[in-house]
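To start, the structure under review is shown below, and the notes come after it.
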Amino acid sequence: MGVTLSKEKLTILLAAPRGFCAGVDRAIQIVERALDKFGAPVYVRHEIVHNRFVVEGLEKKGAVFVKELDAVPEGAPVVFSAHGVPKSVPVHARERRLNALDATCPLVSKVHVEAERHFDSGREIVLIGHAGHPEVVGTMGQLPAGAVKLVETVEDAEAFVADDPARLAYITQTTLSVDDTAAIVAVLKRRYPLIATPHKEDICYATTNRQEAVKAIAPRSDVVLVIGAPNSSNSMRLVEVASRAGVARSALVQRASDIDWSMIVGARVVGLTAGASAPDVLIAEVIDAFRERYDVTVEETETARETVTFRLPRALA
(Lines give C-alpha, C1' and ligand atoms only; values in the text may rest on other atoms or scores of the structure.)
Protein backbone atom coordinates (compact mmCIF):
# COMPACT_ATOMS: atom_id res chain seq x y z
CA MET A 1 0.00 0.00 0.00
CA GLY A 2 1.29 3.47 -0.90
CA VAL A 3 1.78 6.08 1.77
CA THR A 4 0.05 9.42 1.25
CA LEU A 5 2.20 12.24 2.57
CA SER A 6 0.33 15.17 4.06
CA LYS A 7 1.15 18.59 2.68
CA GLU A 8 2.86 21.21 4.82
CA LYS A 9 0.54 23.87 6.16
CA LEU A 10 1.00 27.37 4.78
CA THR A 11 -0.89 30.62 5.27
CA ILE A 12 -1.24 33.13 2.45
CA LEU A 13 -1.79 36.68 3.66
CA LEU A 14 -3.66 38.28 0.78
CA ALA A 15 -3.26 42.05 0.69
CA ALA A 16 -6.27 44.22 -0.04
CA PRO A 17 -6.45 46.42 -2.03
CA ARG A 18 -4.47 44.63 -4.77
CA GLY A 19 -4.57 44.28 -8.53
CA PHE A 20 -6.42 46.45 -11.02
CA CYS A 21 -7.02 50.11 -10.25
CA ALA A 22 -9.72 52.27 -11.83
CA GLY A 23 -7.32 53.81 -14.37
CA VAL A 24 -6.13 50.41 -15.61
CA ASP A 25 -9.67 49.04 -15.75
CA ARG A 26 -10.78 52.07 -17.78
CA ALA A 27 -7.85 51.78 -20.22
CA ILE A 28 -8.55 48.11 -20.94
CA GLN A 29 -12.26 48.84 -21.38
CA ILE A 30 -11.40 51.56 -23.92
CA VAL A 31 -9.50 49.07 -26.09
CA GLU A 32 -12.26 46.45 -25.77
CA ARG A 33 -15.04 48.96 -26.56
CA ALA A 34 -13.07 50.28 -29.52
CA LEU A 35 -12.77 46.73 -30.88
CA ASP A 36 -16.53 46.28 -30.45
CA LYS A 37 -17.28 49.58 -32.19
CA PHE A 38 -14.73 49.63 -35.01
CA GLY A 39 -13.80 45.97 -35.35
CA ALA A 40 -10.24 44.64 -35.54
CA PRO A 41 -7.63 45.86 -35.86
CA VAL A 42 -7.54 48.64 -33.28
CA TYR A 43 -4.04 50.02 -32.83
CA VAL A 44 -2.57 50.88 -29.43
CA ARG A 45 0.49 53.09 -28.98
CA HIS A 46 2.76 51.30 -26.50
CA GLU A 47 1.51 48.75 -23.96
CA ILE A 48 -1.94 49.88 -22.81
CA VAL A 49 -0.82 48.94 -19.28
CA HIS A 50 2.38 47.27 -18.11
CA ASN A 51 1.30 43.64 -18.08
CA ARG A 52 2.11 41.10 -20.81
CA PHE A 53 -0.84 38.85 -19.90
CA VAL A 54 -3.25 41.76 -20.44
CA VAL A 55 -1.51 42.87 -23.63
CA GLU A 56 -1.51 39.34 -25.11
CA GLY A 57 -5.19 38.93 -24.22
CA LEU A 58 -6.04 42.11 -26.12
CA GLU A 59 -3.87 41.04 -29.07
CA LYS A 60 -5.96 37.87 -29.35
CA LYS A 61 -9.06 40.06 -29.62
CA GLY A 62 -7.56 42.12 -32.43
CA ALA A 63 -5.53 44.89 -30.80
CA VAL A 64 -2.23 45.73 -32.50
CA PHE A 65 0.44 47.33 -30.32
CA VAL A 66 2.87 49.73 -31.98
CA LYS A 67 5.79 51.83 -30.78
CA GLU A 68 4.90 54.95 -32.74
CA LEU A 69 2.02 56.30 -34.81
CA ASP A 70 3.94 55.92 -38.09
CA ALA A 71 3.09 52.20 -37.88
CA VAL A 72 -0.66 52.95 -37.86
CA PRO A 73 -2.47 53.10 -41.24
CA GLU A 74 -3.94 56.52 -42.03
CA GLY A 75 -7.49 56.90 -40.72
CA ALA A 76 -7.33 53.85 -38.41
CA PRO A 77 -8.46 53.85 -34.75
CA VAL A 78 -5.61 54.20 -32.26
CA VAL A 79 -5.60 54.23 -28.45
CA PHE A 80 -3.05 56.09 -26.33
CA SER A 81 -1.87 54.14 -23.27
CA ALA A 82 -2.89 54.74 -19.65
CA HIS A 83 0.50 56.31 -18.91
CA GLY A 84 -0.19 59.43 -20.98
CA VAL A 85 1.60 60.85 -24.02
CA PRO A 86 3.51 64.03 -24.92
CA LYS A 87 1.42 66.74 -26.59
CA SER A 88 3.15 66.04 -29.88
CA VAL A 89 1.47 62.63 -30.15
CA PRO A 90 -2.18 63.78 -30.50
CA VAL A 91 -0.97 66.47 -32.91
CA HIS A 92 0.70 63.78 -35.04
CA ALA A 93 -2.49 61.67 -34.85
CA ARG A 94 -4.56 64.57 -36.20
CA GLU A 95 -2.08 65.19 -38.99
CA ARG A 96 -2.44 61.57 -40.07
CA ARG A 97 -6.24 61.66 -39.66
CA LEU A 98 -6.18 58.84 -37.10
CA ASN A 99 -9.25 58.13 -35.00
CA ALA A 100 -7.52 58.69 -31.65
CA LEU A 101 -8.88 57.60 -28.27
CA ASP A 102 -7.05 58.72 -25.14
CA ALA A 103 -6.83 56.11 -22.36
CA THR A 104 -4.58 58.28 -20.16
CA CYS A 105 -5.48 57.72 -16.51
CA PRO A 106 -7.42 60.78 -15.27
CA LEU A 107 -5.02 61.01 -12.30
CA VAL A 108 -2.09 61.31 -14.72
CA SER A 109 -4.04 63.93 -16.69
CA LYS A 110 -4.43 65.84 -13.41
CA VAL A 111 -0.63 66.06 -13.14
CA HIS A 112 -0.46 67.28 -16.75
CA VAL A 113 -2.93 70.08 -15.97
CA GLU A 114 -0.96 70.94 -12.84
CA ALA A 115 2.28 71.21 -14.85
CA GLU A 116 0.64 73.54 -17.36
CA ARG A 117 -0.81 75.70 -14.57
CA HIS A 118 2.62 76.14 -12.99
CA PHE A 119 4.20 76.89 -16.38
CA ASP A 120 1.54 79.49 -17.18
CA SER A 121 2.27 81.10 -13.78
CA GLY A 122 5.94 81.44 -14.72
CA ARG A 123 7.24 78.77 -12.32
CA GLU A 124 10.16 76.44 -12.86
CA ILE A 125 8.90 72.86 -12.46
CA VAL A 126 10.59 69.93 -10.75
CA LEU A 127 9.17 66.50 -11.62
CA ILE A 128 9.94 63.71 -9.15
CA GLY A 129 9.97 60.48 -11.14
CA HIS A 130 11.93 57.81 -12.99
CA ALA A 131 13.75 58.76 -16.18
CA GLY A 132 12.42 57.01 -19.27
CA HIS A 133 9.16 55.82 -17.71
CA PRO A 134 6.30 56.45 -20.19
CA GLU A 135 4.41 58.54 -17.64
CA VAL A 136 7.43 60.78 -17.07
CA VAL A 137 8.02 61.12 -20.82
CA GLY A 138 4.36 62.07 -21.26
CA THR A 139 4.34 64.59 -18.41
CA MET A 140 7.56 66.30 -19.49
CA GLY A 141 6.19 66.35 -23.03
CA GLN A 142 3.27 68.58 -22.02
CA LEU A 143 5.61 71.57 -21.98
CA PRO A 144 8.49 72.96 -24.05
CA ALA A 145 11.85 71.21 -23.71
CA GLY A 146 13.68 72.33 -20.57
CA ALA A 147 10.58 73.59 -18.75
CA VAL A 148 10.50 70.53 -16.47
CA LYS A 149 13.57 69.33 -14.51
CA LEU A 150 13.61 65.67 -13.46
CA VAL A 151 14.65 64.69 -9.93
CA GLU A 152 14.92 60.96 -9.22
CA THR A 153 16.63 60.71 -5.83
CA VAL A 154 17.37 62.55 -2.58
CA GLU A 155 20.87 63.16 -3.98
CA ASP A 156 19.35 64.77 -7.08
CA ALA A 157 17.21 67.00 -4.84
CA GLU A 158 20.30 68.10 -2.87
CA ALA A 159 22.16 68.90 -6.10
CA PHE A 160 19.30 70.70 -7.86
CA VAL A 161 19.78 74.45 -8.31
CA ALA A 162 16.68 76.55 -8.98
CA ASP A 163 16.79 79.47 -11.41
CA ASP A 164 14.55 81.47 -9.04
CA PRO A 165 13.82 79.99 -5.59
CA ALA A 166 10.68 82.15 -5.35
CA ARG A 167 9.23 80.74 -8.60
CA LEU A 168 9.49 76.99 -8.12
CA ALA A 169 6.97 74.11 -8.00
CA TYR A 170 7.11 70.33 -7.86
CA ILE A 171 4.91 67.58 -9.28
CA THR A 172 5.37 63.80 -9.12
CA GLN A 173 4.90 60.62 -11.10
CA THR A 174 1.75 58.87 -9.83
CA THR A 175 3.30 55.43 -9.15
CA LEU A 176 6.25 56.22 -6.88
CA SER A 177 7.17 54.93 -3.44
CA VAL A 178 5.28 57.13 -0.99
CA ASP A 179 8.17 57.05 1.51
CA ASP A 180 10.93 57.71 -1.05
CA THR A 181 8.97 60.61 -2.50
CA ALA A 182 8.36 62.09 0.95
CA ALA A 183 12.13 62.05 1.57
CA ILE A 184 12.80 63.86 -1.73
CA VAL A 185 10.06 66.42 -1.06
CA ALA A 186 11.50 67.05 2.42
CA VAL A 187 14.85 67.99 0.86
CA LEU A 188 13.24 70.30 -1.70
CA LYS A 189 11.15 72.02 0.99
CA ARG A 190 14.18 72.44 3.26
CA ARG A 191 16.24 73.98 0.47
CA TYR A 192 13.37 75.92 -1.14
CA PRO A 193 10.75 76.80 1.51
CA LEU A 194 8.64 78.73 -1.04
CA ILE A 195 8.26 75.78 -3.42
CA ALA A 196 4.66 75.35 -4.61
CA THR A 197 3.14 71.95 -3.79
CA PRO A 198 0.34 69.94 -5.41
CA HIS A 199 -3.18 70.88 -4.23
CA LYS A 200 -3.76 67.15 -3.75
CA GLU A 201 -1.12 64.42 -3.56
CA ASP A 202 0.07 63.42 -7.06
CA ILE A 203 0.87 59.81 -6.09
CA CYS A 204 -2.41 58.09 -6.92
CA TYR A 205 -4.79 56.54 -4.41
CA ALA A 206 -4.18 53.03 -5.82
CA THR A 207 -0.40 53.23 -5.46
CA THR A 208 -0.73 54.53 -1.90
CA ASN A 209 -3.34 51.94 -0.90
CA ARG A 210 -1.35 49.00 -2.29
CA GLN A 211 1.79 50.13 -0.49
CA GLU A 212 -0.08 50.49 2.81
CA ALA A 213 -1.58 47.01 2.38
CA VAL A 214 1.89 45.53 1.82
CA LYS A 215 3.18 47.29 4.93
CA ALA A 216 0.39 45.55 6.88
CA ILE A 217 1.24 42.01 5.72
CA ALA A 218 5.04 42.17 5.41
CA PRO A 219 5.94 42.05 9.13
CA ARG A 220 3.82 38.88 9.52
CA SER A 221 5.23 37.16 6.42
CA ASP A 222 8.29 34.99 5.81
CA VAL A 223 8.13 35.78 2.09
CA VAL A 224 6.18 38.40 0.11
CA LEU A 225 5.38 37.84 -3.57
CA VAL A 226 4.22 40.70 -5.79
CA ILE A 227 2.45 39.77 -9.02
CA GLY A 228 3.35 42.28 -11.71
CA ALA A 229 5.62 43.16 -14.61
CA PRO A 230 9.26 44.25 -14.27
CA ASN A 231 8.49 47.44 -16.25
CA SER A 232 5.57 48.27 -13.94
CA SER A 233 6.69 51.06 -11.61
CA ASN A 234 3.96 50.52 -9.01
CA SER A 235 4.68 46.75 -8.89
CA MET A 236 8.42 47.22 -8.43
CA ARG A 237 7.77 49.72 -5.64
CA LEU A 238 5.67 47.09 -3.82
CA VAL A 239 8.66 44.72 -3.74
CA GLU A 240 10.79 47.50 -2.24
CA VAL A 241 8.11 48.46 0.29
CA ALA A 242 7.77 44.85 1.44
CA SER A 243 11.51 44.56 1.97
CA ARG A 244 11.67 47.78 3.97
CA ALA A 245 8.64 46.77 6.04
CA GLY A 246 10.54 43.85 7.54
CA VAL A 247 10.06 40.74 5.38
CA ALA A 248 13.22 38.67 4.87
CA ARG A 249 12.46 37.75 1.26
CA SER A 250 10.40 39.60 -1.35
CA ALA A 251 10.17 39.04 -5.09
CA LEU A 252 8.30 40.03 -8.23
CA VAL A 253 6.62 37.27 -10.27
CA GLN A 254 4.75 37.81 -13.51
CA ARG A 255 2.68 34.66 -12.98
CA ALA A 256 2.73 31.29 -11.18
CA SER A 257 5.29 29.75 -13.54
CA ASP A 258 7.83 32.38 -12.43
CA ILE A 259 7.79 31.43 -8.74
CA ASP A 260 11.16 30.30 -7.40
CA TRP A 261 9.91 27.60 -5.05
CA SER A 262 13.30 27.32 -3.37
CA MET A 263 12.67 30.70 -1.71
CA ILE A 264 9.44 29.36 -0.20
CA VAL A 265 11.18 26.44 1.56
CA GLY A 266 10.76 26.81 5.32
CA ALA A 267 8.14 29.56 5.01
CA ARG A 268 4.96 29.25 7.03
CA VAL A 269 3.38 32.55 5.98
CA VAL A 270 3.53 34.02 2.47
CA GLY A 271 2.29 37.53 1.78
CA LEU A 272 0.71 38.01 -1.63
CA THR A 273 -0.27 41.13 -3.53
CA ALA A 274 -0.50 42.37 -7.12
CA GLY A 275 0.41 45.60 -8.86
CA ALA A 276 -2.29 47.86 -10.27
CA SER A 277 -2.00 46.40 -13.77
CA ALA A 278 -2.16 42.71 -12.76
CA PRO A 279 -5.54 40.98 -13.28
CA ASP A 280 -7.36 38.82 -10.72
CA VAL A 281 -6.85 35.69 -12.84
CA LEU A 282 -3.09 35.82 -12.16
CA ILE A 283 -3.69 36.12 -8.41
CA ALA A 284 -5.96 33.06 -8.51
CA GLU A 285 -3.35 31.20 -10.60
CA VAL A 286 -0.64 31.82 -7.99
CA ILE A 287 -2.89 30.71 -5.11
CA ASP A 288 -3.77 27.51 -7.04
CA ALA A 289 -0.05 26.81 -7.56
CA PHE A 290 0.48 27.04 -3.80
CA ARG A 291 -2.49 24.75 -3.17
CA GLU A 292 -0.91 22.09 -5.38
CA ARG A 293 2.12 22.04 -3.08
CA TYR A 294 0.82 23.07 0.36
CA ASP A 295 -2.18 22.82 2.63
CA VAL A 296 -3.15 26.47 2.17
CA THR A 297 -5.21 28.80 4.32
CA VAL A 298 -5.92 32.18 2.70
CA GLU A 299 -6.34 35.14 5.03
CA GLU A 300 -7.22 38.52 3.53
CA THR A 301 -5.92 41.68 5.19
CA GLU A 302 -7.84 44.77 4.09
CA THR A 303 -6.45 48.22 4.85
CA ALA A 304 -8.70 50.29 2.56
CA ARG A 305 -11.79 49.92 0.38
CA GLU A 306 -11.69 51.36 -3.13
CA THR A 307 -14.81 52.67 -4.86
CA VAL A 308 -13.20 54.90 -7.49
CA THR A 309 -14.45 54.61 -11.09
CA PHE A 310 -13.64 56.69 -14.15
CA ARG A 311 -15.90 57.45 -17.10
CA LEU A 312 -15.07 56.23 -20.57
CA PRO A 313 -14.50 58.72 -23.40
CA ARG A 314 -17.79 60.08 -24.74
CA ALA A 315 -17.18 58.40 -28.13
CA LEU A 316 -17.31 54.98 -26.44
CA ALA A 317 -19.69 55.51 -23.50
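The values are calculated or read from the model by the stated rules, or taken from the named source; none is laboratory data. Source: prediction; values computed, not measured. So basically every Cβ, Gly included, is an ideal-geometry build from the backbone, and we count neighbours across all protein chains shown.
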(Q) With the requirement that a residue be crowded, with 20+ Cβ neighbours inside 10 Å, in a helix (DSSP H, G or I) and without any contact (Cβ under 8 Å) to a residue 60 or more places away in the chain, what does segment 121-160 give you? (A) VAL136, GLY138, THR139, MET140, ALA157
Q.
All but one of (1) under 25 Å from the mean Cα position of the chain (by Cα); (2) within 23 Å of ARG237 (Cβ to Cβ) hold for ILE264; state the number of the condition that does not hold.
A. (1)
Q) Which ones in segment 197-251 are over 30 Å from ARG167 (Cβ atoms) and of a type in the set (Lys, Arg)? A) ARG210, LYS215, ARG220, ARG237, ARG244, ARG249
Q: Take segment 280-301 and flag every residue that is within 14 Å of ARG255 (Cβ to Cβ) and charged (D, E, K, R).
A: ASP280, GLU285, ASP288
Q.
Being at pLDDT 95 or above, closer than 17 Å to LYS7 by Cβ and small (Gly, Ala, Ser) is true for just one of ALA284, ALA289. Which residue is that?
A. ALA289
Q. Applying the selection to segment 47-74, what residues are part of a helix (DSSP H, G or I) and not β-branched (Val, Ile, Thr)?
A. ARG52, PHE53, GLU56, GLY57, LEU58, GLU59, LYS60, LYS61, LEU69, ASP70, ALA71
Q. Which residues, counting only those in segment 87-120, are among the β-branched types (Val, Ile, Thr) and either touching a His at 6+ places or on another chain (Cβ under 8 Å) or not in a helix (DSSP H, G or I) (or both)?
A. THR104, VAL108
**Q.** Boolean, ASN231 is under 28 Å from GLU56 (Cα atoms), in contact with a His (Cβ under 6 Å, 6 or more places away or on another chain) and touching a residue at least 12 places away in the same chain (Cβ under 8 Å)
**A.** yes
Q: Please go through segment 1-46 and pick out each residue that is in contact (Cβ under 8 Å) with a residue 60 or more places away in the chain, buried (at least 21 other Cβ atoms within 10 Å of the Cβ), among the β-branched types (Val, Ile, Thr) and not in a helix (DSSP H, G or I).
A: ILE12
Q) So, of the residues in segment 181-212 that are acidic (Asp, Glu) and in contact (Cβ under 8 Å) with a residue 60 or more places away in the chain, which turns out to be surrounded by the most Cβ atoms within 10 Å (Cβ to Cβ)? A) ASP202
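Could you go through segment 210-230 and let me know if any residue there is basic (Lys, Arg), in the same structural domain as MET263 (by TED's automatic domain parsing) and under 23 Å from LYS110 (Cα atoms).
Looking only at segment 210-230, we keep the residues that are basic (Lys, Arg), and these are 210, 215, 220.
Checking the rest, the ones that are also in the same structural domain as MET263 (by TED's automatic domain parsing) come to 210, 215, 220.
Within this subset, residues satisfying the condition of being under 23 Å from LYS110 (Cα atoms) are 210.
Yes; the residues of segment 210-230 include at least one that is basic (Lys, Arg), in the same structural domain as MET263 (by TED's automatic domain parsing) and under 23 Å from LYS110 (Cα atoms).
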Q.
Give me the strands (runs of 3 or more DSSP E) completely within segment 237-317, filtered to those with at least 1 residues that are closer than 19 Å to LEU10 by Cα, in contact (Cβ under 8 Å) with a residue 40 or more places away in the chain and not assigned by TED's automatic domain parsing to the domain that holds ALA27, ordered by residue number.
A. 269-274, 295-302
